[in-house]
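Q: Below are the structure tokens for one structure; questions will follow.
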Amino acid sequence: MIDNYRQSGLFMKKIKLYVIGLSLFLNQLLLAGSAHSQYNSAYDSVKVIEKVYLHVDRDSYFAGDEIWFKAYLIDALDHLLTDHSSNLHVELISPSSKIISSRIIRLDGGLGNGDFRLSNNIKSGRYKLRAYTNYMRNFDDQLFFSKEIAVINSTDSSEISERVKYVENKFQVSFFPEGGSLVDNVSSIVAFKSVDYLGKGCDVSGKIYSSGGELITTFRSTHLGMGTFFLRPLPGLKYYSIVRGADSTDIRTELPRSFPSGVTMSASINQNNELLITTKTNPETLALVSDHELLLSISIRKEVFKTIPYKIKSTITSFVIPIDDLPDGILMLTLSSLEDLPLAERLVYIEREAPVKIKIETDKLIYSKREPVAIKISLSGDSISEREGNVSLAVVDENLTDSTSKFQRTIASWFLLESDVRGNVEDPSYYFDPSNNGRLKEMDLLLRTQGWRDFAWKYDKILFPAENGFTISGRLRKRSWNKPIEDSRVSIGIFGSGPTLLTTVPVDSSGRFRLSGIDLKGEARLIVTGTGKKDRLRGLINLDSVIYLPPKVSDSLSLVLTLAESKWSRLKTYYEITESIKKKYKLSDTISLGEVKIISQRPKDAQTMKIERSRSKYGKPDGELVITEQMYSYTNLAEALRGKIPGVEVLSSASSASNGVTGMDQNYKIIIRGAGTINGATNPLLLIDGTPTTFDDLIVLPVNFIDRIDVLKSVGSSAIFGIEGANGVINLITRAGGPGYIPVNYSKNIRISGYNASRIFYSPQHLPDSNSDYNPDLRSTLYWKPDINIDGNKEVILNYYNGDNTSSIRITAEGITSTGIPVTGKAEYEVR
């Protein structure tokens, strides 16, 4: 953690280099005179920057538990939920930085939810959840969300804690002049921060001395090791500090050097709720810059939001900006030359309105075991729009939540603070609790001492595009040499538990093809087939990888433990007891078999269910052909159907004359007796798993992929399909899971994975006549509701039952309003 503040020191070194270059810049101004270029505000632009947050049900888990999470994706500029990306990658990372499980969650309007099930043999340790979109990778991993969790398993000897290396100095102090640097004869505010060997703020006091040994001023930390003092450096002098820690240990630390020329910048919110910006300089610098225009840029996450021409007319120059013209959150003010040489920088936090909170009320404060609980949820706010939003709620045993701090990370602290500044933020939600009267002053103190995250775009172009669904791409070429096929196309079929997708995509001049925006859930079979002229199956298909390659895991575990060792030992003992009870009654963390009435009924196999879904519109067909292995030798499905179902006639261009044309090159026509003829067309409506498709797919689709063929011959049977079914209907019902590999070059047959469907949280009802009364209820997460819509003044009422554990219960709700305000709320009650 100390390394994080050393990295913050790089920000200071960078500013020093800027100011060292100031004399060169001043010379450039004098040489340029009035010939310098004018700034055009039209150059200002903001790239799309996404932020993601996971609300996780708790902080500590036992082996075999479920991890439940809700995802929120916003546009960093306005904090509104965004549909810029639809795919969210969520990973569970082991203590050794290995990805042990991953999910792809579908985001609908920036919202999504999912879960991980921990294995029963997972080792104890400190794990991480990591979440990101593919587009975020253009910024390296700076925008990724990560959260540390503790996993407890009594069957292994792993320890939850790690030994921390001994550090010679028990604390370290860093100094941060406002605006970036000290300037001779210019009075400035200097902020400081003291951290211990764990990176946590620690209280200190100290004295500032000049290099001549004169006592200049004293200081004392006011919040988490942070504080400020004034200093007016004199030419030719250096300054150092003697800082005393809580254990009376003294250390000496040099202050940043002062420069003979330069500009400092301060910023604050005045009584009129305006952003007051003040620049200071000395007479020597003023004589050089007073006639030259500078630029004051306002950035959000390192992207310029607004640029204002600025002139320094005196040693102290001030002006104001209405905060209504600025976005909420952390902004960076940069004073620079027209040549983009930064002279001073300052971070500020803008909060136009008081935070909106989620109000949570329980019908009681003390409950009995298995007693029903009623919760009321609403949003506080001045307008109806602020009282509308989407939230998620978790009710958990307090023993499995992080109690190391009263002010844990929340959706507000992450979106508005932690995701924007460098390093760990201690007690992050403290700065967003309206009950803390000094929170904004201390937020400003924090921003003086922690640098901005590096949100630099890492590449010259977008290497990682936003994902909205899944993509199938590749190349079709001639089989014998690496050249594209003229007049070719590719048929793509995806067959899974959901609706079947069968389509044809064009091939470009280089042989490339691409199908994007595929909405796929779970696993499916993918068949890609190449065709040339006259729809002949030919060529060699090369598919691009359909396996997502995740970025490297670079985050390290924090030195601050999620669980105190005493609590870890207590939970380990508790886990051993509850695990023995669960094994006895065959229970899980969230679902108990005894809590569900099981009716003795043979379950339907996947193929039977698929047939029923495919026939949901018409019921029993007029004719049916079951495809057997003996039929796999047929060239296509039309040939397999020929002569098999009475009243169905299959005609082809070569059926009456032998001209050497193969089945792949024939033109087929199917006539169903009893059906009408529309506009001279006789071909019936073709369906695949109940979904309409083109008639050509009857020839392209492999025979061994089909389980059976349904035929609707009568008008009464096909009437549900309207005029399109007037010539009859043929429904191709595919095999559940798909067939084996098709050993041909012109086709690829592989299994692919789509979005991971989230399981539904089960909460038992302990009714008097319920079987659940006979089984222990040892759930650690009593209730999880990931998708709660709050509408204006209406309250949302939720109901669930307590379990058998006597404990303090913590309720946590997090979400975001329709106006982009992140909100959170907490409540507690007792079970005795």
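The values are calculated or read from the model by the stated rules, or taken from the named source; none is laboratory data. The structure presented is a predicted model; accordingly, all values stated were derived computationally and were not measured. Positions of Cβ are backbone-derived with ideal geometry, glycine not excepted, and every protein chain shown enters the neighbour counts. Ligands, DNA and RNA are excluded from the accessible area calculation, which covers all protein heavy atoms including side chains. Shrake-Rupley method; radii C 1.70, N 1.55, O 1.52, S 1.80 Å.
To keep it simple, each residue is scored yes or no on (1) on the phi > 0 side of the Ramachandran plot; (2) among the aromatic types (F, W, Y); (3) assigned to a strand (DSSP E or B).
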position	(1), (2), (3)
I760	no, no, no
P768	no, no, no
D777	no, no, no
I788	no, no, yes
N793	no, no, no
D804	no, no, no
I811	no, no, yes
G820	yes, no, no
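Q: Just to verify a result, which residue in segment 236-269, among those that are in a strand (DSSP E or B) and acidic (D, E), is most open to solvent (accessible area, probe 1.4 Å)?
A: Across segment 236-269, the extreme among qualifying residues is E254.
Q: If you don't mind, another one. Mind checking which residues of segment 215-227 are surrounded by fewer than 19 Cβ atoms within 10 Å (Cβ to Cβ) and hydroxyl-bearing (S, T, Y)?
A: Once the filter is applied, which keeps residues that are surrounded by fewer than 19 Cβ atoms within 10 Å (Cβ to Cβ) and hydroxyl-bearing (S, T, Y), segment 215-227 yields T217, T218, T222.
Q: I would also like to ask the following. Do we find a residue being in contact with an Asp or Glu (Cβ under 7 Å, 6 or more places away or on another chain), open to solvent by 40 Å² or more (accessible area, probe 1.4 Å) and not in a strand (DSSP E or B) anywhere in segment 192-199?
A: Going through segment 192-199, the residues in contact with an Asp or Glu (Cβ under 7 Å, 6 or more places away or on another chain) turn out to be none.
No, because not a single residue in segment 192-199 is in contact with an Asp or Glu (Cβ under 7 Å, 6 or more places away or on another chain), open to solvent by 40 Å² or more (accessible area, probe 1.4 Å) and not in a strand (DSSP E or B).
Q: Being modelled with pLDDT under 65, assigned to a loop (DSSP other than H, G, I, E, B), out of contact with any Pro (no Cβ under 8 Å at 6 or more places or on another chain) and open to solvent by less than 80 Å² (accessible area, probe 1.4 Å) is the requirement here; does L557 meet it?
A: Considered against the rule, which asks whether it is modelled with pLDDT under 65, assigned to a loop (DSSP other than H, G, I, E, B), out of contact with any Pro (no Cβ under 8 Å at 6 or more places or on another chain) and open to solvent by less than 80 Å² (accessible area, probe 1.4 Å), L557 comes out as no.
Q: Further, regarding this structure: Kindly indicate whether V421 is within 26 Å of E66 (Cα to Cα) and crowded, with 18+ Cβ neighbours inside 10 Å.
A: Here the answer is no, as V421 does not meet what is asked.
Q: Still on this structure, I have one more. So, in segment 144-156, how many residues would count as being open to solvent by 10 Å² or more (accessible area, probe 1.4 Å) and either free of Cβ contacts under 8 Å to residues at least 40 places away in the same chain or under 15 Å from K51 (Cβ atoms) (or both)?
A: Count: 4.
Q: Filter segment 706-736 for residues that are part of a loop (DSSP other than H, G, I, E, B) and more than 44 Å from the chain's Cα centre (by Cα); which is surrounded by the most Cβ atoms within 10 Å (Cβ to Cβ)?
A: G728
Q: Counting only residues that are in contact with a strand residue (DSSP E or B) (Cβ under 8 Å, 6 or more places away or on another chain) and not in a loop (DSSP other than H, G, I, E, B), which one in segment 139-156 is farthest from E303 (Cα to Cα)?
A: I152
Q: Can you say whether K617 is of a type in the set (K, R), assigned to a loop (DSSP other than H, G, I, E, B) and at pLDDT 60 or above, as far as the supplied structure shows?
A: It is true that K617 is of a type in the set (K, R), assigned to a loop (DSSP other than H, G, I, E, B) and at pLDDT 60 or above.
Q: Another question, if that's okay. Please determine whether any residue of segment 282-290 is polar (S, T, N, Q), in contact (Cβ under 8 Å) with a residue 12 or more places away in the chain and surrounded by fewer than 17 Cβ atoms within 10 Å (Cβ to Cβ).
A: Within segment 282-290, one or more residues are polar (S, T, N, Q), in contact (Cβ under 8 Å) with a residue 12 or more places away in the chain and surrounded by fewer than 17 Cβ atoms within 10 Å (Cβ to Cβ).
One line per residue, one yes/no per condition, for (1) open to solvent by less than 10 Å² (accessible area, probe 1.4 Å); (2) touching a residue at least 40 places away in the same chain (Cβ under 8 Å); (3) closer than 11 Å to R475 by Cα:
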{"position": "L501", "(1), (2), (3)": "no, no, no"}
{"position": "D508", "(1), (2), (3)": "no, no, yes"}
{"position": "L526", "(1), (2), (3)": "yes, yes, no"}
{"position": "L537", "(1), (2), (3)": "no, yes, no"}
{"position": "D544", "(1), (2), (3)": "no, yes, yes"}
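Q: Name the residues in segment 435-465 that are assigned to a loop (DSSP other than H, G, I, E, B), modelled with pLDDT of 80 or more and not aliphatic (A, V, I, L, M), would you?
A: S435, N436, N437, G438, Q450, F464, P465
Q: Quick one: M136 ticks every box in (1) part of a loop (DSSP other than H, G, I, E, B); (2) crowded, with 17+ Cβ neighbours inside 10 Å; (3) at pLDDT below 95 bar one, so which box is it?
A: M136 satisfies every listed condition except (1).
Q: Report, ordered by the first and then the second residue, all pairs with beta carbons closer than 6 Å, sequence separation of six or more or different chains, a first member in segment 165-189 that is within 21 Å of L341 (Cα to Cα), and a second member that is modelled with pLDDT under 90 and part of a strand (DSSP E or B).
A: G179/A344; G179/R346; G180/A344; G180/E345
Q: Which one is nearest to E442 (Cα to Cα), of the residues in segment 149-192 that are modelled with pLDDT under 90 and among the hydroxyl-bearing types (S, T, Y)?
A: So, considering only residues that are modelled with pLDDT under 90 and among the hydroxyl-bearing types (S, T, Y), the one nearest to E442 (Cα to Cα) is S181.
Q: Kindly indicate whether R512 is at pLDDT 80 or above, basic (K, R) and either out of contact with any strand residue (DSSP E or B) (no Cβ under 6 Å at 6 or more places or on another chain) or more than 28 Å from I105 (Cβ to Cβ) (or both).
A: So R512 fits the description; yes.
Q: May I ask you to say which residue of L778, L782 is at pLDDT 90 or above and either of a type outside the set (S, T, N, Q) or within 32 Å of the chain's Cα centre (by Cα) (or both)?
A: Of L778, L782, the one residue that is at pLDDT 90 or above and either of a type outside the set (S, T, N, Q) or within 32 Å of the chain's Cα centre (by Cα) (or both) is L782.
Q: A further question on this structure: Testing I312 on (1) more than 30 Å from L393 (Cα to Cα); (2) in a strand (DSSP E or B), one condition comes back false. Which one is that?
A: Single failed check for I312: (2).
Q: Within segment 52-101, considering only strands (runs of 3 or more DSSP E) that don't extend past its boundaries, which have at least 3 residues that are free of Cβ contacts under 8 Å to residues at least 12 places away in the same chain and open to solvent by less than 10 Å² (accessible area, probe 1.4 Å)?
A: On the way: elements: 60-62, 66-75, 87-93.
Result: empty, no element qualifies.
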